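J.: Here it is, the structure in full.
The values are calculated or read from the model by the stated rules, or taken from the named source; none is laboratory data. Note that this is a predicted model, so its numbers are computed, not measured. As a convention, Cβ positions derive from the backbone with ideal geometry for all residues, glycine included, and neighbour counts pool all protein chains shown.
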Amino acid sequence: MTRTDIIPRLVTLISSSKVILNELGNITVIEDEIILGLSPRRLYFINNVPKGTIRGHHAHKELHQLLVCINGSITIDVDDGINMKSVTLDSNKKALYIGPNIWHTMKWNDDLAYLVVLASEVYDEKDYIRNYEDFLNGKKNEDDSF
Ligand code: TYD
């Protein structure tokens, strides 16, 4: 297991080195304290998305999420209000952790790309920040901004 901080504390790429291969097929395991700390209360999938579609365009106030692309390729752009980074998830060995207050978009590079998301809370529209100006204004008021 390797971890790369894309934006320290807030966005981390986790790469699994544990793949069990045999004549019956493959098992890929992503296990890490960052995932155990997530205590997921929701699991959701996004698929059947036409190539080139960009989803997301929001941040969450409290939600922690872990994204895994289990088929095809999806490019995730993350933005903490100062730093913008781009990560392509193109292997089921990679998982991207996104913490609260990160503006993110997800671009489908393949029609057959399939995204699996573990989320720390059940769905709550009130947790979304869907306006980029509101996101930036919220960042200005954060005490522990970086
Ligand atoms: P949204 O999170 O905005 O999708 P994306 O960021 O991938 O474009 O969700 C799209 C719609 O689906 C929105 O109306 C809310 C609804 N939804 C739920 O009802 N429950 C869920 O768990 C999720 C993720 C979305």
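J.: Which residue out of S120, S91 is out of contact with any Lys or Arg (no Cβ under 7 Å at 6 or more places or on another chain) and closer than 27 Å to M1 by Cβ? Step through it out loud before you land on a result.
T.: Numbers: S120 fails: out of contact with any Lys or Arg (no Cβ under 7 Å at 6 or more places or on another chain).
Answer to the selection: S91.
J.: Just give me the residues in segment 65-87 being among the polar types (S, T, N, Q) and within 19 Å of V19 (Cβ to Cβ), in sequence order.
T.: Matches in segment 65-87: N71, S73.
J.: Can you tell me how many residues in segment 88-123 are under 12 Å from E62 (Cα atoms) and either away from the ligand (no atom under 11 Å from the Cβ) or free of Cβ contacts under 8 Å to residues at least 12 places away in the same chain (or both)? Don't jump to the end; show me each part of the working.
T.: So the first thing to find is which residues in segment 88-123 are under 12 Å from E62 (Cα atoms), and the list is 98-102, 119-123.
With either away from the ligand (no atom under 11 Å from the Cβ) or free of Cβ contacts under 8 Å to residues at least 12 places away in the same chain (or both) added as a condition, the list becomes 98-102, 120.
Counting residues in segment 88-123 that are under 12 Å from E62 (Cα atoms) and either away from the ligand (no atom under 11 Å from the Cβ) or free of Cβ contacts under 8 Å to residues at least 12 places away in the same chain (or both) gives 6.
J.: Select from segment 55-87 the residues that are within 16 Å of D5 (Cα to Cα) and within 10 Å of the ligand (Cβ to nearest atom) and list them in ascending order.
T.: Q65, the sole residue that qualifies.
J.: Now for a different question. Can you tell me which of K107, K139 is modelled with pLDDT under 95, buried (at least 16 other Cβ atoms within 10 Å of the Cβ) and out of contact with any helix residue (DSSP H, G or I) (no Cβ under 6 Å at 6 or more places or on another chain)? Explain how you work it out, then say what you get.
T.: Working: K107 fails: modelled with pLDDT under 95.
Of the residues listed, the single one that is modelled with pLDDT under 95, buried (at least 16 other Cβ atoms within 10 Å of the Cβ) and out of contact with any helix residue (DSSP H, G or I) (no Cβ under 6 Å at 6 or more places or on another chain) is K139.
J.: Still on this structure: Whether any residue in segment 46-54 is within 15 Å of the ligand (Cβ to nearest atom), within 23 Å of L112 (Cα to Cα) and of a type in the set (D, E, K, R) is what I want to check. First the steps, then the outcome.
T.: Step one: filter segment 46-54 for residues within 15 Å of the ligand (Cβ to nearest atom), giving 46-50, 52-54.
Pick out the ones that are also within 23 Å of L112 (Cα to Cα) and you get 46-50, 52-54.
Remaining after also requiring of a type in the set (D, E, K, R): none.
For segment 46-54, residues within 15 Å of the ligand (Cβ to nearest atom), within 23 Å of L112 (Cα to Cα) and of a type in the set (D, E, K, R): absent.
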